[in-house]
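Read through the structure below, which is laid out as structure tokens, and then see the notes.
Nothing in this text is a laboratory measurement; each read-out follows from the coordinates by a stated rule. Keep in mind that this is a model prediction, so the values were computed, not measured. FYI the Cβ positions are ideal-geometry reconstructions off the backbone, even for glycines, and counts take in every protein chain you see.
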Amino acid sequence: MQSRNKIFDDLSHLMTNAMGVAQGAKTEAETAMKGLIDRWLADRDFVTREEFDAVRAMAVKAREENAALEARIAALEAGGSGKTETPAV
């Protein structure tokens, strides 16, 4: 008496091959979806974190410089308020 049936062996090989094909299809679908998402994001002109941080640092520096210049202008105006200037005609 045979311990293994040929039909079950064939069915086992068929299922193993089907699982390999399904795994390959899954990998291919993931790769295609990743490429689609990458292209979509590139078309939207999103900035990277590094670019965002660089622009943010520039904005902080500009605000600090504006505050310093405002203080300097206020000091100059306060120092010159006692003098009256006559416009040259």
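Computing Cα Rg over 2.2 N^0.38 Å directly from the structure and comparing it against [x] 1.07; [y] 1.30; [z] 3.03 singles out [z].
Full extension of the segment from Lys6 to Glu28, taken as 0.36 nm per residue of separation minus the current Cα-Cα distance, would add 4.6 nm. Sparse packing (at most 10 other Cβ atoms within 10 Å of the Cβ) combined with a DSSP loop state is found for the following chymotrypsin sites (Phe, Trp or Tyr not before Pro) in segment 39-83: Phe46. Taking the charge dipole of the chain about its Cα centre, with +1 at Lys and Arg Cβ atoms and -1 at Asp and Glu Cβ atoms, the residue from Ala62, Gln23, Leu41 reaching farthest to the positive side is Gln23. Computed about the Cα centre, the dipole magnitude for segment 1-84 is approximately 140 debye when only Lys and Arg (+1) and Asp and Glu (-1) carry charge, each at its Cβ. Couplings 3J(HN,Hα) for segment 53-59, derived from phi with the Karplus relation 6.51 cos²θ - 1.76 cosθ + 1.60 (θ = phi - 60°), are 5, 5, 5, 5, 5, 5, 5 Hz, where x marks Gly and Pro.
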